[in-house]
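Undergrad: Got a structure for you, questions after.
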Amino acid sequence: MRDLANLVRKAAEAPEEGGEMTIDQVAESVTRINARVGAVPVVQLQLQLAPVLSSCRRQGGYQSWPELRPIAADALALGARLAFETRDDSTSASLYAEATEIAGRSSDPQRRAEIGTSRAMVTLHATGDLSTSGTIAEAAIRDANRCGSYAVRARAFAVHAEIRAREGRAESASSGLDQAWRAAERRSPSRGFNAGPLHGFEGVCALHLGDADRAHRHLERSAATLRQPRDAIQRAIVSADLALARLRLGDPDASAEVLHEVVDIAARTGGRVPVQRLRQVRGELRPWRAEAFLADLDDHIHDTLLGG
């Protein structure tokens, strides 16, 4: 990553000397780090990203060189997501604010929508503040509706729908999911947010609105599709929600069985939301504390997540 830091520094000092190629190289590096989320522990990704952020700031890159601003916005948003995963919420909030400010200067609504959608979800899970996260998600939808990516639009609507479901606003959540599905059906088949994660959003919305049977159907479909390394954290979240649906349907043994995979993924990736979901479902399993299946799960949690 030292070479990448040098590229950013040289580009900021002399953008006229091969600047376009340098921008592409930097952008590809940020994209590559982002693509490894879920496949590589979060702390390693933070170490890889740090030279990019520090070089941009040290050289005044995105302030004096407009062409670098979109890359800087993406890098800052990624840094914010990674800071959230390591429970550094103040840094995460600061980086998101900076990324949003930079993206706001651009004429690219897709980038603004992507950053806003990510920020809405992180705000939700870091603070539980439905009002603030909902406001951010609404702004992301406005930007998504102005961009040409139906995948970005679908995800923005899905995120907003989850927030509405958590508020108990069934009609608004259903409307948002309908719009998410319509957008997803128009997306390029091989790119971006698709039916797999969208079934996950359908499932978690149904859970919050009290329909465990419907939640279970959608969550099983989602978990079956989330098989790529990049999907690991999302798969763990969906699996934890699936465990909760099974518990709500009266099958605590099957619920605990699903949680074993959540434990393994959380330990491997360092994902914060899977641990939050795991804690929630384990709490609801307390009435079965004397059962062998719960003792096995607790042993797994202790040995894998708590270091034995």
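Undergrad: Of all residues in segment 285-308, count the ones that are under 23 Å from V40 (Cβ atoms), in contact (Cβ under 8 Å) with a residue 12 or more places away in the chain and outside any loop (DSSP other than H, G, I, E, B).
TA: Adding up the residues that qualify gives 3.
Undergrad: Okay, next question. So is V204 free of Cβ contacts under 8 Å to residues at least 60 places away in the same chain, assigned to a helix (DSSP H, G or I), farther than 23 Å from L177 by Cα and out of contact with any Lys or Arg (no Cβ under 8 Å at 6 or more places or on another chain) or not?
TA: When the stated conditions are applied, V204 does not pass them.
Undergrad: So, A126, is that one within 21 Å of R186 (Cα to Cα) and either among the aliphatic types (A, V, I, L, M) or in contact with a strand residue (DSSP E or B) (Cβ under 6 Å, 6 or more places away or on another chain) (or both) or not? Full working, then the answer.
TA: Values: within 21 Å of R186 (Cα to Cα): no; either among the aliphatic types (A, V, I, L, M) or in contact with a strand residue (DSSP E or B) (Cβ under 6 Å, 6 or more places away or on another chain) (or both): yes.
No; evaluated as a whole, the condition is false for this residue.
Undergrad: Ok, one more. Name the one entry in I237, I265 that is in contact with a Lys or Arg (Cβ under 9 Å, 6 or more places away or on another chain) and either among the aromatic types (F, W, Y) or at pLDDT below 95 (or both). Can you show your working first?
TA: On the way: I237 fails: either among the aromatic types (F, W, Y) or at pLDDT below 95 (or both).
Selected residue: I265, the only one of I237, I265 that is in contact with a Lys or Arg (Cβ under 9 Å, 6 or more places away or on another chain) and either among the aromatic types (F, W, Y) or at pLDDT below 95 (or both).
Undergrad: To continue, here is another question. Could you please find all residues in segment 33-45 being open to solvent by 60 Å² or more (accessible area, probe 1.4 Å) and within 11 Å of E85 (Cα to Cα)?
TA: V43 - this is the single residue of segment 33-45 that is open to solvent by 60 Å² or more (accessible area, probe 1.4 Å) and within 11 Å of E85 (Cα to Cα).
Undergrad: Considering each residue of segment 133-178, count those that are among the polar types (S, T, N, Q) and either modelled with pLDDT under 95 or in contact with a strand residue (DSSP E or B) (Cβ under 6 Å, 6 or more places away or on another chain) (or both), and give that number.
TA: Residues in segment 133-178 being among the polar types (S, T, N, Q) and either modelled with pLDDT under 95 or in contact with a strand residue (DSSP E or B) (Cβ under 6 Å, 6 or more places away or on another chain) (or both): 1 in total.
Undergrad: Looking for whichever is in a helix (DSSP H, G or I), out of contact with any helix residue (DSSP H, G or I) (no Cβ under 6 Å at 6 or more places or on another chain), charged (D, E, K, R) and modelled with pLDDT of 95 or more here; the options are R246, R282. Which one fits?
TA: It is R282.
Undergrad: When the residues of segment 265-291 are filtered to those that are open to solvent by 70 Å² or more (accessible area, probe 1.4 Å) and not acidic (D, E), which remaining residue is nearest to L244 (Cα to Cα)?
TA: Q280
Undergrad: Please report, ordered by residue number, the helices (runs of 4 or more DSSP H) entirely within segment 89-180 with at least 1 residues that are over 27 Å from S54 (Cα atoms), open to solvent by 20 Å² or more (accessible area, probe 1.4 Å) and aromatic (F, W, Y). Let's see the steps before the verdict.
TA: Numbers: elements: 89-104, 109-127, 130-144, 150-166.
In segment 89-180, 150-166 are the helices (runs of 4 or more DSSP H) which contain 1 or more residues that are over 27 Å from S54 (Cα atoms), open to solvent by 20 Å² or more (accessible area, probe 1.4 Å) and aromatic (F, W, Y).
The values are calculated or read from the model by the stated rules, or taken from the named source; none is laboratory data. On a predicted model such as this, the values are computed, not experimentally measured, just so you know. FYI the Cβ positions are ideal-geometry reconstructions off the backbone, even for glycines, and counts take in every protein chain you see. Side chains included, ligands, DNA and RNA excluded: accessible areas come from the protein's heavy atoms. Shrake-Rupley method; radii C 1.70, N 1.55, O 1.52, S 1.80 Å.
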